[in-house]
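Everything below concerns the one structure shown next.
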Amino acid sequence: YTGDFVISDETEDEVLDRIQSFIHGKRQDSPSIKTQSIERELREFIAAIRHVPRLKWGASLQVSGNQNNFQLPDATPAVSGRALSKDETRLCLNTWTNLKPDPKNTAMLVMIHAGLGCRELRRLRVDKDLYLYAKYPHIIFRGGDARQAKTEARPRVVPIVVGLDTVKEYLPETIAWMNSVNENSTSAALNKRLRAVLGDEPEVKTHSFRHTWLRMARRARITEDNKHAIAGWEKKDTNNSVMERVYDKNGYMDDIELLAQIYEDQLRIFSEFIADVSAVDNVVKLQKNS
């Protein structure tokens, strides 16, 4: 959309024109694209411009607002994902483990174990982060080689207690698939697959897994420390102790007792669903309201 160009104090207007060309091109390719999506794609681009040394106008560059007056599509309110009901959760787990195991379903099966996002799965390294054959099968999310976690609280250890055989077989293929396509395309594909199971409503999205896991964790009354260790919610000074083990190349191998505690809490969270996913006959049929 933009081509190569020189960034300097003298080329401010040209750079702004090229950014507008990008916005126009995205709108031409995807007429229904949201302002939020365009801003998200431009975020790193604008951050790079701001890092150009001694650029007088770089610090004021922004997509939204009146500062640079870009022509953007009308903003639409973001739709928040809702928590899934027990029946919906049971139906999803049955589908992902028994009926259609494949990379997309495996991605959602892992994501619901801790309210994970697509980006976190993309950064997994098969040879360094997966401990699926351990006594207490788990995955350690370190943020990839660059340790790029969304926040300092987000590195975590996630025990896998439902659909372990599916995760063992398909997770490496899932990671490869997620890294072979655009991140937005990955999210859209998973949302489409999820809605095919639960019904086509905007509030049903992969971000629903985070709300769902938190609700299940509260019902199970697991400790705040372990809730943070699994799902990355920060609680006072527990962050450093979790990160110490997450970033250790040995992970939890030297602290098997602590891993056992986290695993037991994860079992409690999913206890009411574990027995069900062992038999396809237990799939709950949901009827969409007319």
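The values are calculated or read from the model by the stated rules, or taken from the named source; none is laboratory data. Note that this is a predicted model, so its numbers are computed, not measured. Note: ideal-geometry Cβ built from the backbone for every residue, glycine included; neighbour counts use all protein chains shown. Surface accessibility is based on the protein's heavy atoms, side chains included, excluding ligands, DNA and RNA. Shrake-Rupley method; radii C 1.70, N 1.55, O 1.52, S 1.80 Å.
Kindly evaluate Arg27 against the criterion of being out of contact with any Phe, Trp or Tyr (no Cβ under 8 Å at 6 or more places or on another chain), closer than 26 Å to Glu183 by Cβ, among the charged types (D, E, K, R) and in a helix (DSSP H, G or I).
Considered against the rule, which asks whether it is out of contact with any Phe, Trp or Tyr (no Cβ under 8 Å at 6 or more places or on another chain), closer than 26 Å to Glu183 by Cβ, among the charged types (D, E, K, R) and in a helix (DSSP H, G or I), Arg27 comes out as yes.
Taking only segment 199-227 into account, find how many residues are under 26 Å from Pro137 (Cα atoms) and either in contact with a helix residue (DSSP H, G or I) (Cβ under 7 Å, 6 or more places away or on another chain) or surrounded by 14 or more Cβ atoms within 10 Å (Cβ to Cβ) (or both).
Within segment 199-227, residues that are under 26 Å from Pro137 (Cα atoms) and either in contact with a helix residue (DSSP H, G or I) (Cβ under 7 Å, 6 or more places away or on another chain) or surrounded by 14 or more Cβ atoms within 10 Å (Cβ to Cβ) (or both) number 18.
If we keep just the residues of segment 88-123 that are assigned to a helix (DSSP H, G or I) and among the acidic types (Asp, Glu), which is farthest from Glu183 (Cα to Cα)?
That would be Glu88.
Can you tell me how many residues in segment 157-170 are touching a Leu at 6+ places or on another chain (Cβ under 9 Å), in a helix (DSSP H, G or I) and either without any contact (Cβ under 8 Å) to a residue 60 or more places away in the chain or over 17 Å from Cys92 (Cβ atoms) (or both)?
Number satisfying all stated conditions: 2.
Residues that are at pLDDT 70 or above and open to solvent by 20 Å² or more (accessible area, probe 1.4 Å): does segment 228-250 have at least one?
no
Show the residue pairs that are 6+ apart or on different chains and have beta-carbon atoms under 7 Å apart, the first residue being within segment 202-225 and within 20 Å of Ala260 (Cα to Cα) and among the aromatic types (Phe, Trp, Tyr), the second being in a loop (DSSP other than H, G, I, E, B) and open to solvent by less than 30 Å² (accessible area, probe 1.4 Å).
Final answer for the pair search is Trp213/Ile112; Trp213/Ala114; Trp213/Gly115.
Just to verify a result, which residue in segment 119-148, among those that are of a type in the set (Asp, Glu) and modelled with pLDDT of 90 or more, is most open to solvent (accessible area, probe 1.4 Å)?
Across segment 119-148, the extreme among qualifying residues is Asp127.
State the number of residues belonging to segment 3-55 that are under 22 Å from Asn184 (Cα atoms) and not basic (Lys, Arg).
Number satisfying all stated conditions: 25.
Might you let me know whether segment 11-20 holds any residue that is among the hydrophobic types (A, V, I, L, M, F, W, C), surrounded by fewer than 16 Cβ atoms within 10 Å (Cβ to Cβ) and modelled with pLDDT of 85 or more?
The answer is yes, given that some residue of segment 11-20 is among the hydrophobic types (A, V, I, L, M, F, W, C), surrounded by fewer than 16 Cβ atoms within 10 Å (Cβ to Cβ) and modelled with pLDDT of 85 or more.
Scan segment 83-97 and tell me whether some residue there is under 22 Å from His211 (Cα atoms), in contact with a strand residue (DSSP E or B) (Cβ under 8 Å, 6 or more places away or on another chain) and open to solvent by less than 60 Å² (accessible area, probe 1.4 Å).
no
Would you confirm, using the coordinates I've provided, whether Ala196 is open to solvent by 20 Å² or more (accessible area, probe 1.4 Å), under 13 Å from the mean Cα position of the chain (by Cα) and over 22 Å from Ile262 (Cβ atoms)?
For Ala196, the condition - open to solvent by 20 Å² or more (accessible area, probe 1.4 Å), under 13 Å from the mean Cα position of the chain (by Cα) and over 22 Å from Ile262 (Cβ atoms) - is not met.
Any idea which of (1) more than 30 Å from Val204 (Cβ to Cβ); (2) open to solvent by less than 30 Å² (accessible area, probe 1.4 Å); (3) not small (Gly, Ala, Ser) is the one Pro73 doesn't satisfy?
In the conditions (1) more than 30 Å from Val204 (Cβ to Cβ); (2) open to solvent by less than 30 Å² (accessible area, probe 1.4 Å); (3) not small (Gly, Ala, Ser), Pro73 misses (1) alone.
Which residues, counting only those in segment 16-34, are under 16 Å from Gln67 (Cα atoms) and of a type in the set (Ser, Thr, Tyr)?
Within segment 16-34, none qualify.
Scan (1) open to solvent by 40 Å² or more (accessible area, probe 1.4 Å); (2) closer than 25 Å to Thr166 by Cα; (3) modelled with pLDDT under 85 for the single condition Arg268 breaks and write down its number.
(3)
Would you call Val52 closer than 23 Å to Asn182 by Cα, part of a loop (DSSP other than H, G, I, E, B) and among the hydrophobic types (A, V, I, L, M, F, W, C)?
So Val52 fails the test.
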